[in-house]
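Comments concern the structure below.
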Amino acid sequence: MRPREFRPEQLVSLDKQQVQHIAMLARLKLTDDEYAESVAKLSKIVDFVDQLSQADTDGVVPMAHPLDAAQRLRLDAVTEDVERDRYQQNAEAVSDGHYLVPKVIE
Amino acid sequence: MGKYTQTLTELKAGLEQADFTSVELTEELLARISAHDKKLNAMITVTADEALAAAAQADIDRSGGKGGAMCGLPIIHKDIFCTRDIRTTCGSRMLENFISPYDATVVENLAKAGAVVLGKSNMDEFAMGSSNETSFFGPVHNPWDLDCSPGGSSGGSSAAVAARFAPAATATDTGGSIRQPAALTGTIGFKPTYGRVSRYGMIAFASSLDQAGVITRSAEDAALMLGAMAGFDERDSTSIDEPVPDYVAGLGQSVEGLRLGIVRQHFDEGLDAETGARVKNAIATLESMGASTVEVDLPNIDMSVPTYYVVAPAECSSNLSRFDGVRFGHRAENAEDLLDLYCRSRGEGFGDEVKRRIMTGAYVLSAGYYDAYYLKAQQVRQLIADDFRKAFADVDVIVGPTTPSAAFKLGDKVDDPITMYLNDIYTIGANLAGLPAMSVPCGLVGGLPVGLHLVGGHFDEGTLLRVAHQYQLKTDFHQACPEDFK
């Protein structure tokens, strides 16, 4: 079994500007080397998945759950114990029970 | 002969007959890990003190007649399962120092059954990889050939079980991450139906595909361990409320009259000829035992890899957005502002493959591309699931190869993501359709193991385990042990 052949005329390769946009959407800072590699490799991946465009999916309902199950609901009640200090042991910067981040409002 | 050569089921009998204690068994296996893991790098964390304490408790419980189904039996957890007070890294720099404040349901269930945890196994970073080379903690080596990959993402679990560090390990499977490493290390890899085992506390990669399962050396062992892990969990919103049958009790029935489906496309030119020959041999063995074969058509199955590489990255980009450098995980130093903190913490904390998948996901979900990629992929996924539904009207189990070939050399496929992705070409369909599936050792090719892949209908785990068990009663491929680990 092999994936369907690519048609070169349909390639949708990405350029550096697009990859920069995607990296920003994903909140990832990349080095220059990483950009160069990402442009090449992401282009390959996008070209590869682009073969989906050849599938005939007219009128097909997109899958929402592999077993067609509906989302289960629970009572709107407090079910968890709060152990703030314990949770915050994993944070690098906390103070008086708060998480610290760089200044947001000037 | 050391106790390490015994299966989970044999060790259970040994403990029951008081041939040895759990403490003795645990000490032996810890010594084995400490002597041999330098060669394999299968373990990220070894929890010797905790294991010996749990083993001592298990021995007390057993003598008091209180032991559960896994009482005193040593296992290893893939480092994707959160363990309270023991670090959980998910193979990533991002979580290098993460201590979970709670246990995953799988961890909790196995602890309740009395299992003794020897440690946490190495894995591809965030379970994204098919060779264990994306781990921040370095690649795992295949016990059958140290230059080869043990597969991935559950490569630490598969290598550890193959090398007899433990009779069983937990693992997870999003596109083949239990079954492919099992095939490449000559072990049993079992992925249950989507929703059968709770995902609570299992670090999420692609939530509509992720499922926890086991790696063992025999089907009987997989049945024993799965029974202790599975079941409804209200803390997982996609957990399915179905009773868990006694999988071990169902193993005895013969395969007489069972209908096996063979997918024509799975034996096309993409499959290595020798691997194909072993798999055909295994199918012939099952026929000789009374099963019949039917050719089944899955017309959309060749779209499964591209479908997966839209759906899985999309879900991964959303799941991994929680890593922000603030509440847990790696935090960049001297951030200029909040955005810089996010971008640099993530840029430094994630490895190349994880970043690539997050970006692929961000792209296919972004404005203008959502319909063409994500929606389209979910439609094709529906077509693939429909194909399986139709096939299971005529057959009980679909059989074929687990992987296109035996283990490949470390470094061989690392530069080309597409070649790496195609390693999961036979396994991904079961994840897309939420079906239970497993890999069973069926011989060696050039001294390296290959696997027979079995896929069943939803919640038909019992039939798969039974076919595998009956096959293992007739054959001894699962007893082969890599030379350096005998």
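The numbers here are math on the coordinates, done by the rules we state, and not lab data. As the structure is a prediction and not an experimental result, all values here were calculated from the model. Cβ sites come from the backbone with ideal geometry, for glycine too, and all protein chains shown count toward neighbours.
Using a cut-off of 18 Å between alpha-carbon atoms, which lysines can reach A:Lys41, once sequence neighbours fewer than 8 places away in the same chain are excluded?
A:Lys16, A:Lys29, B:Lys355, B:Lys413
How large is Rg over Rh for the protein assembly as shown, taking Rg from the Cα atoms and Rh as the Kirkwood inverse mean of 1/r across Cα pairs? Don't skip to the end; give the middle numbers.
Values: Rg = 23.1 Å, Rh = 24.2 Å.
A ratio of 0.96.
What nm value, rounded to one decimal, do you get for the distance between A:Asp76 and B:Lys390 when each label is placed 7 Å out toward the C-beta?
4.5
For the range B:290-350, what D do you get in µm² per second when you plug the Kirkwood radius from alpha-carbon pairs into Stokes-Einstein at 25 °C and 0.890 mPa s? Show your work: numbers first, answer last.
Details: Rh = 15.0 Å.
So the translational diffusion coefficient is about 164 µm²/s.
Counting only residues 5 or more places away or on other chains, whose amide H sits under 5 Å from the amide H of B:Ile86 once H atoms are built in the peptide plane?
For B:Ile86, whose amide H was placed from the backbone, the distant partners under 5 Å are B:Ser100.
Please return the longest stretch of chain A lacking exposed loop sites, where trypsin sites (Lys or Arg not before Pro) count only if DSSP places them in a loop and at most 11 other Cβ atoms lie within 10 Å.
For trypsin sites (Lys or Arg not before Pro) (loop position, at most 11 other Cβ atoms within 10 Å), the longest site-free span of chain A is A:1-73.
Per-residue HN-Hα couplings for the range B:32-49, Karplus 6.51 cos²θ - 1.76 cosθ + 1.60 at θ = phi - 60°, whole Hz, x for Gly and Pro?
Working through the residues one at a time gives 5, 4, 5, 6, 10, 6, 4, 6, 9, 6, 7, 10, 8, 9, 10, 10, 4, 5 Hz.
Rounded, prolate or oblate: pick one for the range B:67-211, where a ≥ b ≥ c are the square roots of the eigenvalues of its C-alpha gyration tensor, a/c under 1.5 means rounded, and failing that, prolate if a/b is larger than b/c, else oblate.
rounded
Among B:Tyr426, B:Tyr247, what is the fewest-to-most ranking by other Cβ atoms within 10 Å?
Starting with the residue having the fewest Cβ neighbours, the order is B:Tyr247, B:Tyr426.
What is the average number of partner chain Cβ atoms found within 10 Å of a Cβ in B:373-381?
6
Determine which lysines satisfy two conditions relative to B:Lys191: a Cα distance under 20 Å, and not lying fewer than 8 residues away in the same chain.
Correct list for B:Lys191: B:Lys78, B:Lys120.
Check the straight Cα-Cα distances from B:Lys474 and name the lysines below 16 Å, setting aside those fewer than 8 residues away within the same chain.
Straight-line reach from B:Lys474, under 16 Å: B:Lys280.
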